[in-house]
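Asks: First the structure, which I've put down as structure tokens, then a few questions once you've had a look.
The values are calculated or read from the model by the stated rules, or taken from the named source; none is laboratory data. These numbers come from a predicted model, not from an experiment. Here the Cβ is made from the backbone with ideal geometry for all residues, glycine too, and neighbour counts use every protein chain on show. For accessibility, only protein heavy atoms count, side chains too; no ligands or nucleic acids. Shrake-Rupley method; radii C 1.70, N 1.55, O 1.52, S 1.80 Å.
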Amino acid sequence: MKPFVGYKKELFSVAQLLELIPKFISEPSYYFLRWTHEVSGIVEQPPVEKNFPMIEGQMFNHECELRWKHKRQNTYEVLLLTIADNHDEFIPVKETINKEKKEPWRIEPNNPPYGYPAYGYRPDETRFPKKLIFPKSLDIRQEEKNNQPKLAQRYFIDNQTSTVQFIALTVEVTQP
């Protein structure tokens, strides 16, 4: 397992983005989409063309988080945070640290598989005008549900400065 952070140099059209997303799906995968007037909550259905334009979105599973952000004229920039090694089609955000030949990124293991706990808000939480949506298949740690994927976080830490640069949503899956 080798952490990798990379981006696409070119901006993606909606069609290109919808073609890219399925390449990173592994079960279970979840999505969070944002518009100027609402958020989707965490959902199990991937975005479709009618969901665009959106401000930004993300797809996450136990291996990676893929993020996209609106730039201009319905194009999007794309960032990949993964533990599944390099992806040649992405430009690395940081190369190997030359002096020590160390990897540029590390993730800190806490909960298997290398994620930090994340908690969803209770339905009666009053921080938001509307309750956030979470799929029943995802354990948001409000109660202990056996053998369900659990919402978690993964910290991508710069190995040179020991600074957390990215916090990715992830899914902690139970190994049979």
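Asks: Report the full-extension gain for the segment Ile91 to Ile167: residue separation times 0.36 nm, less the Cα-Cα distance, to one decimal in nm.
Replies: Contour length minus Cα-Cα distance gives 25.5 nm.
Asks: How many nm is it between the label spots at Glu56 and Thr36, if each spot is 7 Å from the Cα in line with the beta carbon?
Replies: A separation of 1.7 nm, rounded to one decimal place.
Asks: Taking only protein heavy atoms into account and a 1.4 Å probe, give the accessible area per residue of region 10-105 in Å².
Replies: Accessible surface, normalised per residue, equals 55 Å².
Asks: Moving on to the next point. Please give the peptides 6-12, 77-83 ranked by average Cβ packing (other Cβ atoms within 10 Å per residue), highest first, as a rough proxy for protection.
Replies: Highest to lowest by the protection proxy: 77-83, 6-12.
Asks: In the full protein assembly as shown, how much of Ile42 is accessible to a 1.4 Å probe, in Å² to the nearest 10?
Replies: 10 Å²
Asks: While we're looking at this one, here's another question. Pairs to check: Lys9/Lys150; Lys23/Lys150; Lys8/Lys50; Lys9/Lys102. Give those whose C-alpha atoms are more than 27 Å from each other in this structure.
Replies: Lys9/Lys150
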